[in-house]
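Novice: Structure incoming, see below.
The values are calculated or read from the model by the stated rules, or taken from the named source; none is laboratory data. If you're wondering where the values come from, they're calculated on a predicted model, not measured in any experiment. Because the Cβ atoms are built from the backbone with ideal geometry, glycine has one as well, and the counts that use them run over all protein chains shown.
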Amino acid sequence: MNNTLQNIDTEYQNLFHLTDSKPHKILGLLTDESGSQVIRIWRPGAEQLQLEIEGKTIKAKQVCSEGLFEVVCEKPIGSLDYKIYQPDGSLTFDPYSFEPTLGDVDLYLYAKGEHYDLYRVMGARVIEVDGVKGVRFTVWAPSASRVSIVGDFNSWDGRLNPLSLLGQSGVWEIFVPGLQQGARYKFEIRSATGNLILKSDPFALAGERRPKNSSVVSDYAQFQWTDQKWMEDREDHKDHKIPMATYEVHLGSWRQNNGQFYNYRELAHLLSDYVLEMGFTHIELLPVTEHPLDESWGYQVTGYFAPTSRHGTIEDFQYFVNIMHEKGIGVILDWVPAHFPTDVFSLGNFDGSALYEHEDPQKGYHPHWNTLIFEFGHPKVSNFLIASALFWLKEMHIDGLRVDAVASMLYLDYGRNYGEWNPNPYGGKEYIEAIDFFKHLNSVVHERVPGALMIAEESSSFPGITTPVQEGGLGFDMKWNMGWMNDSLVYFSTEMDQRPNEHHHLTFSLVYMFTENFVAALSHDEVVHEKKTLLGKMPGDIEQKFANLRLLYSYMVCQPGKYLIFMGGEFGQFNEWNCNRELDWMVLELDIHRQYHQMVKQLNHFYQKYPALWEKDFTEDGFEWVVYSDRINSVLAYLRKGDQSTLLCVHNFQPKYHSNYYLKLPGVHTVKEVFNTDSKEYGGTGKNSLNEIIVKNEKGHPEGVIISISPLATQIFEVELT
């Protein structure tokens with residue numbers, strides 16, 4: 001062999017030095033200067049190489065010892081007329097005989113940040129090119145000097161399959177023929193400074209089960225959905241006149257199979273049966289997007305397009321959602337666009353530069369969580385996040401996204417001390433790019449997925465969270481009512497004889513209740529980190545604790561807005577939630593837990609039956625105070641109004657029974673108690689209101705009603721008003 005590295009063209013020297021960005025121009029089926037066809041193959045470390053050309057085995061010539069081989073074709077052939085023998089004896093098509101397939105329109109839309117089907121073309125996707133099935137790999141790495149795909153299929157050797165850079169887009173691509181679902185892979189990226197970095201695929205549809213972190217080739221388009229009616233019907237719910245009693249679930253600890261995770265398919269039946277029995281209308285899943293650390297509960301995401309492999313495959317997850325829909329249960333997913341972890345295999349410093357995160361640490365690093373913050377103003381970064389949202393809503397049939405940590409995105413000073421942040425161009429603390437991102441996100445979601453819900457977990461008083469974008473707001477459908485939650489838990493944690501002094505905690509939320517579309521939430525965050533469980537927060541002896549818990553839950557159900565409770569709260573979990581073990585289901589063997597559980601079940605079904613509790617959740621005409629200032633007795637009363645019916649809700653926050661309590665209610669015609677949390681069936685005293693007396697004025701016109709009020713209880717009455 002006469003040729004050496006020094007005799008080879010510069011482009012091939014770049015290939016040898018692992019700095020080539022255009023391997024498709026110098027490998028595969030080429031035409032040389034004389035017009036002859038030549039096949040050039042890069043196989044570093046190999047001493048010999050054989051090809052099959054039109055059925056004949058041909059030995060390739062070694063051009064140089066570094067691993068370049070070639071065959072001069074005796075006659076014209078096509079790119080599919082030859083295959084390469086692999087070390088294991090198998091025959092495969094040459095990846096470099098297939099030109100890159102990502103089109104100019106795709107790259108143009110991506111550059112603008114408006115490729116809303118981005119998940120279809122980026123990452124590892126099973127496709128067919130010229131009749132040959134395989135996997136196309138694409139990745140955005142604009143600062144890289146070279147990108148290779150590595151995996152079991154090439155012995156994790158980054159020299160073998162470099163990708164080609166597509167113009168000035170920063171996007172790299174290769175098609176690997178014959179590769180199938182289940183193949184493990186990563187991107188090997190050579191930074192501008194020459195460092196080699198191994199990264200998981202940002203657009204991966206599956207990942208290895210932790211602690212491993214390779215991406216896994218998968219396909220979301222194979223599952224056969226049978227929930228078409230559900231998907232059609234949800235488009236009609238844009239006015240939000242639907243009951244929403246949401247059960248918040250962490251799949252890994254709801255139930256376990258002898259200490260191990262259940263598969264999505266197993267969970268689909270176990271959970272849907274339970275949710276239906278308990279009368280919940282929706283489930284909200286703590287993040288099931290892939291994440292490395294169990295103790296993050298899923299909130300430090302490394303796979304924005306991948307259901308976690310802890311519970312199975314992407315098709316297993318689709319089965320889970322499909323079963324929920326078949327049973328009439330909506331599925332909401334916690335989604336985390338605010339930040340991502342610093343794990344070296346993930347998005348951080350992806351191509352050797354700050355790519356997905358903001359390069360300024362004051363905008364790109366979160367000191368509270370030791371995580372990185374997306375650069376929301378970069379078109380391709382915002383496109384990545386919007387495509388993730390659309391992927392879950394469209395391809396996974398998720399019914400809504402609860403967007404985590406919105407406040408942390410809206411404010412430049414969130415979690416930072418004086419001097420650790422810089423004002424925006426207008427001198428304020430609002431993060432302008434993040435605000436624009438939310439408007440873009442919600443506009444696109446509502447245009448492309450009618451009926452899908454966007455719910456903000458937002459803890460500040462930022463205005464217009466649920467105001468439509470066209471009216472100047474952020475465009476969310478709903479917002480968690482963190483103020484109501486905090487006030488309510490402060491109040492219920494107060495000793496009962498001190499509650500008159502805390503009465504304002506009950507009434508203040510109604511001052512702002514209709515400024516946003518609120519969801520009352522007793523979430524996972526309230527039963528961890530030594531905050532105690534809901535039951536543990538309640539004062540009094542065990543009977544009073546459960547009476548207070550029944551009162552808290554029913555108070556939430558009766559309030560304007562939708563509602564949510566975290567798993568375990570429905571049966572009075574004793575211990576704080578631990579993500580590593582299942583809930584304390586054994587407590588249901590105790591009467592007092594079982595009775596409370598029964599009340600939650602019956603009240604949820606009651607809620608669905610009575611539209612007055614949900615038809616006008618977000619408008620003032622659905623609510624009217626009857627009693628709001630009786631701080632001495634700690635009593636509240638109000639009307640909930642639907643289109644055709646009205647309910648009277650009465651709450652007594654003291655362990656005192658009132659045999660004759662007068663409520664001013666002009667025009668009342670009939671009053672009938674239809675629910676009482678103090679029923680003996682639920683573990684209460686059984687002091688129901690049996691003989692409501694309508695009080696009339698001297699002209700014979702009804703002006704009020706006398707009822708008996710049960711201790712530490714909620715009573716709901718059907719009323720007719722004239």
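Novice: Only one of (1) more than 27 Å from D525 (Cβ to Cβ); (2) of a type in the set (D, E, K, R); (3) buried (at least 16 other Cβ atoms within 10 Å of the Cβ); (4) modelled with pLDDT of 95 or more is not met by K687, so which one is it?
Specialist: Checking K687 against (1) more than 27 Å from D525 (Cβ to Cβ); (2) of a type in the set (D, E, K, R); (3) buried (at least 16 other Cβ atoms within 10 Å of the Cβ); (4) modelled with pLDDT of 95 or more, the one that fails is (4).
Novice: Oh, and also: Consider V321 carefully, then state whether it is buried (at least 22 other Cβ atoms within 10 Å of the Cβ), over 18 Å from S382 (Cβ atoms) and under 17 Å from the mean Cα position of the chain (by Cα).
Specialist: Against the criterion (buried (at least 22 other Cβ atoms within 10 Å of the Cβ), over 18 Å from S382 (Cβ atoms) and under 17 Å from the mean Cα position of the chain (by Cα)), V321 qualifies.
Novice: Ok, one more. What is the number of the single condition among (1) buried (at least 23 other Cβ atoms within 10 Å of the Cβ); (2) more than 24 Å from L198 (Cα to Cα); (3) in contact with a strand residue (DSSP E or B) (Cβ under 6 Å, 6 or more places away or on another chain); (4) not acidic (D, E) that A124 does not meet?
Specialist: Unmet for A124, out of (1) buried (at least 23 other Cβ atoms within 10 Å of the Cβ); (2) more than 24 Å from L198 (Cα to Cα); (3) in contact with a strand residue (DSSP E or B) (Cβ under 6 Å, 6 or more places away or on another chain); (4) not acidic (D, E): (2).
Novice: OK, next. F717 versus (1) of a type in the set (A, V, I, L, M, F, W, C); (2) assigned to a loop (DSSP other than H, G, I, E, B); (3) in contact with a Leu (Cβ under 8 Å, 6 or more places away or on another chain): which is the lone unmet condition?
Specialist: F717 satisfies all of (1) of a type in the set (A, V, I, L, M, F, W, C); (2) assigned to a loop (DSSP other than H, G, I, E, B); (3) in contact with a Leu (Cβ under 8 Å, 6 or more places away or on another chain) except (2).
Novice: Would you pick out the residues in the stretch 110-121 that are surrounded by 18 or more Cβ atoms within 10 Å (Cβ to Cβ) and either outside any loop (DSSP other than H, G, I, E, B) or free of Cβ contacts under 8 Å to residues at least 60 places away in the same chain (or both)?
Specialist: Those that are surrounded by 18 or more Cβ atoms within 10 Å (Cβ to Cβ) and either outside any loop (DSSP other than H, G, I, E, B) or free of Cβ contacts under 8 Å to residues at least 60 places away in the same chain (or both): Y110, L118, Y119, V121.
Novice: Now, a different point. Among the residues in the stretch 642-651, are any out of contact with any strand residue (DSSP E or B) (no Cβ under 7 Å at 6 or more places or on another chain), in contact (Cβ under 8 Å) with a residue 24 or more places away in the chain and more than 21 Å from M513 (Cβ to Cβ)?
Specialist: Yes, the stretch 642-651 has at least one match.
Novice: For residues in the stretch 690-714 being among the aliphatic types (A, V, I, L, M) and assigned to a strand (DSSP E or B), which is surrounded by the fewest Cβ atoms within 10 Å (Cβ to Cβ)?
Specialist: Only one residue fits best here, namely I693.
Novice: Kindly list the number of the only condition in (1) in a loop (DSSP other than H, G, I, E, B); (2) modelled with pLDDT of 90 or more; (3) surrounded by 12 or more Cβ atoms within 10 Å (Cβ to Cβ) that fails for L29.
Specialist: Condition not satisfied by L29: (1).
Novice: Taking the options V650, V627, name whichever one is of a type in the set (A, V, I, L, M), over 37 Å from the mean Cα position of the chain (by Cα) and not assigned by TED's automatic domain parsing to the domain that holds Q498.
Specialist: Of V650, V627, the one residue that is of a type in the set (A, V, I, L, M), over 37 Å from the mean Cα position of the chain (by Cα) and not assigned by TED's automatic domain parsing to the domain that holds Q498 is V627.
Novice: Under the condition of being β-branched (V, I, T) and either more than 25 Å from the chain's Cα centre (by Cα) or surrounded by fewer than 20 Cβ atoms within 10 Å (Cβ to Cβ) (or both), which residue from the stretch 524-571 is nearest to K616 (Cα to Cα)?
Specialist: This residue is V528.
Novice: Right, next: Starting from residues that are part of a loop (DSSP other than H, G, I, E, B) and surrounded by 23 or more Cβ atoms within 10 Å (Cβ to Cβ), keep the ones in the stretch 326-337 and report whichever is farthest from the chain's Cα centre (by Cα).
Specialist: The residue in question is P337.
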